[in-house]
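Each value in this text was obtained by applying a stated rule to the coordinates, not by laboratory testing. Since this is a predicted model, take the numbers as computed values, not measurements. When we count neighbours, we look across all protein chains shown, and the Cβ atoms used for this are built from the backbone with ideal geometry, even at glycine.
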Amino acid sequence: MNIAPDYKPKLRNVEPFAAAYQGRNVIGLKDPLRLSEKMVFVPHETLPLLAMFDGAHTLRDIQAALTARAGRIVFLDEIQGILDILNQAYLLEGPAADDAVRKKTQEYRDRPFRPASHAGISYSDDPEKLTQELDAFFDPANGGPGKPDLFSQPRRPVGLVAPHIDIRAGGLSFARAYHALATGQPSDVYVILGTGHAGVQNMFTAGTLDFQTPLGTAKVDSRIISLLSKELGKDAAEEEILHETEHVIEFQVVFLQHLFRDRHDFTIVPVLCSLSHRIFDSNDSFSEQKQAFYAFCSALRNACRQSGKTVCFIASADLDHIGPRYGDQFVPHQAAVNASLEKDGEMLGYLRQLSVDSFIRCIASEGDARRVCGFSPIVTMMHAMEASRAETLSLDFAYVDDRKSFVTFGAMVFY
């Protein structure tokens, strides 16, 4: 990899994690797309260098900063050696990674369906055991809402907020969301909007493959995907490789299948979303992204209308992420949990009032300090659907490690 001093390296969206390698504590760099079988480990002291691989600093900038920090001359060859390792593992943005993504995307699209990525991890991979697990979340003896009397209510839900935390951690909130959905009148299509945790370069990407789980195969509505692409003037599923390992759509499919299997035929439209509250700032810094957001929501709404089918939107969304696991320098206590839930109640109250602008301002006013990872699908759903009322069904939390890091989540239904 021959590079000029004015080259501005940029690390792809990778997930760092603590690891031990050859007896040393190191940082592993996990690629959500798994473009390479190679796993890269780096010493902790390399982190300041990686932080400068942001596409804004030239090699000369990086060399000068590291030299000042180290108190010795850091040679360009040293930096290039690290870049070579990263590039060989496709962890740097550029032609090599682009080619690898294209190849992997085509391989993914050539499959007959998207296999379940979290069966046997977040829920049982045995259909009978999975059915028992899911039934238990609805059981009143466990705090559940009871078995839904399918389609017994006259109203048809047009929107739903449900968690995407591990099903075993958020099962009761899932159950409250899907109890409300299943007792209402059914829809032909469920547009499932989920957080793209690996990032989505163009904010949104649909998926074209049917979703397989232990409970069967959920068919993707190819007509709506086609109409969406036509409305957008481009391939709506351009980055669909991101769906391969992402769990947020899969969890909702499992609950839809559990309730409707052999009772109601439906199709899905899976869409991953990734955007920031900053695109809604009053200044023009993100005007291009804001226009792209509104264009997508309009295109999605139009595609659904043109299909002639009844549609319900599902936002697969968790709320706050607090504690050392997420970068906080404190171990949360119960008061922190209570404070988060109180703020979440206020935040969901804006959604209940159908005021998405107030919801956005609530998060922006804090600089998203609580890391509301469900922001993208919720805001997208609120702009795409047409609702006249909403109800909050649940608000809960779960600890996710032994240092009291926790995630909050809830359930809402829209009519």
Under 5 Å from the placed amide H of L393, counting only residues 5+ away or on other chains, we find A411, M412, V413
Mean residue ellipticity at 222 nm from the helices of the chain, using -39,500 (n - 2.57) per DSSP H segment of n ≥ 4 over the full residue count, to the nearest 500 deg cm²/dmol? -12000 deg cm²/dmol
Expressed in nanometres to one decimal, the distance between label points 7 Å along Cα→Cβ at A295 and D262 is 4.7
Testing the spin-label approximation: label points 7 Å from Cα along Cα→Cβ at A4 and R352. State their distance in nm. 5.9
Report the residue, chosen from S405, S388, S274, that carries the largest GNM mean-square fluctuation when the chain is represented by alpha-carbon nodes joined by springs under 10 Å. S388
Of the trypsin sites (Lys or Arg not before Pro) in segment 224-304, which ones lie in a loop per DSSP and count no more than 12 other C-beta atoms within 10 Å? K234, R263
Rounded to the nearest 0.05, FRET efficiency between I82 and E342 (Cβ-Cβ, R0 45 Å) equals 0.50
Please identify the trypsin sites (Lys or Arg not before Pro) of segment 61-132 that satisfy two criteria: DSSP loop assignment and at most 14 other Cβ atoms within 10 Å. Which are they? R72
If one builds a Gaussian network model of the chain from Cα atoms under 10 Å apart, the most fluctuating residue listed among S122, S187, S287 is S287
How much of the DSSP bridge set in segment 113-414 is antiparallel, in percent, rounded to the nearest 5? 50
Sequence-distant or interchain residues sharing an amide H contact under 5 Å with I268, placed H: which? Y190, K219, V220, D221
Explain nothing, just the number: dipole magnitude of segment 113-414 about its Cα centre with +1 on each Lys and Arg Cβ and -1 on each Asp and Glu Cβ, in debye rounded to the nearest 20. 700
